[in-house]
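Everything on this sheet refers to the single structure shown next.
The values are calculated or read from the model by the stated rules, or taken from the named source; none is laboratory data. The model shown is predicted, which means the values in this text are computed figures rather than measured ones. Neighbour counts are summed over all protein chains in view; Cβ atoms, including those assigned to glycine, are modelled from backbone coordinates with ideal geometry. Accessible surface areas use protein heavy atoms only, side chains included; no ligands, DNA or RNA. Shrake-Rupley method; radii C 1.70, N 1.55, O 1.52, S 1.80 Å.
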Amino acid sequence: MAYGHGITILENGTAVSPAVKTEGGVQIVIGTAPVHLADDPFAVTNVPILANSFAEAQKKLGYSESYSKFTLCESMFASLQMLGISPVVFINVLDPNTHKTAVADTVVTLTKGVGKINDEGVLLSKVVVKSADGTKTFVRNTDYTLSFGTDGKPIITILSTGTIGAASTVKVSFDKIDPSKVTKANIIGGYDSSTGKYTGTELIQKVYPMLSVLPGSILAPGWSQYPDVAAVLVAKAKNINGCFNADVVLDVDSAAATKYENVPTWKNDNGYTSERSFVLWPKVKVGTKVLWYSAVFAALNSYLDSQTEGVPSKSPSNKSLSISGTVLADGTTEVYLDPPQANYLNENGLITALNWGGWKAWGNNTGGYPNTTDPKDRYINLRRIMNWWGNSFVEAFFNNVDDLTDTRLIQNIVDNENLRANGYASRNYIAGASIEFREDLNPQSDILNGKITFYTKIGGYTPAENIVNILEFDPTFMVGALFGGE
């Protein structure tokens, strides 16, 4: 150890705040990942991946800011970096075994024993390095090492103990992933009865059995603007595993609907009208990054949930988005709406963003509005509360299934649910809730067949969407000021 005399300065790496945990339902995001950058590129296709931090997501799935190619990275950034919220479940459908392109006989120049494969998406395990004349194949970690540079392109470093020697060039062949080969059919996915494998949206039903996390929001940034994908997402969000429900965060195609006044027509013509959906327009910018709004909006909802112990009680409308602008699909045409224009979208069941004292999410209504006016199906926060309350009830009492139908079982459920309701009401997350076991809902025939029914009432708060102040000029104030008086 060096002799110490004087002043010594040491530096630690910058501490990154851990992501805030949400105790409610999680986001389930379906799309494509840069799996060539993952620890195991061939083990993360069509399997739910849980990430509790950005570093974990990057390690398991890779990360790239080429968002148009790798759509899962938008949610990695929005949730795990920008808003610092976790966990998030990712379902990658990009298969390096099939969504790939072979590249042969590329010459790489070596400078001081180091060369770069100037291509993206390279699968390191598929790289073959040969001599310049192609007659000799070199061995990785014996003749050279191979790793990704900071730009995501492979670096070849010659080992002095190997046989490449002082060669100035080598010839390489490799496979690289090709996200352009991923189609809507891959996102939609299906079930293969011959192999027993699930793909795409079919994996939503595997999230809870595999990861033990409740579904909250389902989204597919970069894909949900396609009506057939959106329709499947909505269908898959209902009755997951026979008992859970989720909301669906959808994007309008802002390449097709380029003017705000045309967006409601596009929404209705393409069937984005489910009360379980939140429909967004246009895209958003964070600095130079352009993201589908769904990635940011779903992250915002999760962030708000984390402030209320997982209870999705808050409306996302008029909450800060931490964005720098809104744009159309081209990523350059900026969109600035004033309140009347934004309200026109709101009254047609659309959510947008408003730059009014900073960029805010703007809109309380689900995609079902104005066709549905039932508060629980109209307002985003009430729809989410209904989903979450039912999901959490299932999780809380599933272990009681097949217990004896006696007063102890019934009282346990009633007491615990009412206690939970009172606690949330006292913290102002809900207006109130109560559960009953009523004789009129439990005829003897049901009880003899092993069925018991509870009745729960939930009171959430509707958002104060329209605050009105009536102004009236009163001349008596002026007279009193001028002449005095009692």
Does residue 191 qualify as being touching a residue at least 60 places away in the same chain (Cβ under 8 Å), open to solvent by 20 Å² or more (accessible area, probe 1.4 Å) and in a strand (DSSP E or B)? no
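Is it the case, given these coordinates, that residue 159 is of a type in the set (A, V, I, L, M), more than 42 Å from the chain's Cα centre (by Cα) and surrounded by 14 or more Cβ atoms within 10 Å (Cβ to Cβ)? Full working, then the answer.
Numbers: of a type in the set (A, V, I, L, M): yes; more than 42 Å from the chain's Cα centre (by Cα): yes; surrounded by 14 or more Cβ atoms within 10 Å (Cβ to Cβ): yes.
Against the criterion (of a type in the set (A, V, I, L, M), more than 42 Å from the chain's Cα centre (by Cα) and surrounded by 14 or more Cβ atoms within 10 Å (Cβ to Cβ)), residue 159 qualifies.
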Condition test on residue 162, is it closer than 23 Å to residue 35 by Cα and not acidic (Asp, Glu)? no
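Can you tell me how many residues within region 195-253 are assigned to a strand (DSSP E or B) and either under 22 Å from residue 299 (Cβ atoms) or in contact with a Ser or Thr (Cβ under 8 Å, 6 or more places away or on another chain) (or both)? Lay out the reasoning, then the answer.
Step one: list which residues in region 195-253 are assigned to a strand (DSSP E or B), which gives 197-199, 215-219, 240, 244, 247-251.
Next, from what is left, pick out any that are either under 22 Å from residue 299 (Cβ atoms) or in contact with a Ser or Thr (Cβ under 8 Å, 6 or more places away or on another chain) (or both): 215-219, 240, 244, 247-251.
Residues flagged as assigned to a strand (DSSP E or B) and either under 22 Å from residue 299 (Cβ atoms) or in contact with a Ser or Thr (Cβ under 8 Å, 6 or more places away or on another chain) (or both) within region 195-253 amount to 12.
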Cβ-Cβ under 9 Å, sequence separation 6+ or interchain: first residue in region 70-83 and part of a helix (DSSP H, G or I), partner among the charged types (D, E, K, R). Which pairs? 73/65; 74/289; 77/65; 77/289; 80/56
Enumeration of residues in region 206-221 that are buried (at least 24 other Cβ atoms within 10 Å of the Cβ) and more than 21 Å from residue 389 (Cα to Cα): 220, 221
Picking from 49, 30, which residue would you name as being open to solvent by less than 10 Å² (accessible area, probe 1.4 Å) and modelled with pLDDT of 60 or more? 30
Scanning region 83-118 for residues that are buried (at least 19 other Cβ atoms within 10 Å of the Cβ) and polar (S, T, N, Q), which turns out modelled with the lowest pLDDT? 86
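Taking into account only those residues within region 394-419 that are of a type in the set (Asp, Glu) and assigned to a loop (DSSP other than H, G, I, E, B), which is farthest from residue 215 (Cα to Cα)? First the steps, then the outcome.
Pass one, region 394-419, residues of a type in the set (Asp, Glu): 395, 402-403, 406, 415, 417.
Pick out the ones that are also assigned to a loop (DSSP other than H, G, I, E, B) and you get 402-403, 406.
Working: 402: 24, 403: 26, 406: 31 Å.
Across region 394-419, the extreme among qualifying residues is 406.
Please work out if residue 353 is at pLDDT 95 or above, of a type in the set (Gly, Ala, Ser), more than 17 Å from residue 298 (Cα to Cα) and crowded, with 19+ Cβ neighbours inside 10 Å.
Values: at pLDDT 95 or above: yes; of a type in the set (Gly, Ala, Ser): yes; more than 17 Å from residue 298 (Cα to Cα): no; crowded, with 19+ Cβ neighbours inside 10 Å: yes.
Answer is no for this residue.
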For residue 180, state whether it is part of a helix (DSSP H, G or I), polar (S, T, N, Q) and out of contact with any Asp or Glu (no Cβ under 7 Å at 6 or more places or on another chain). yes
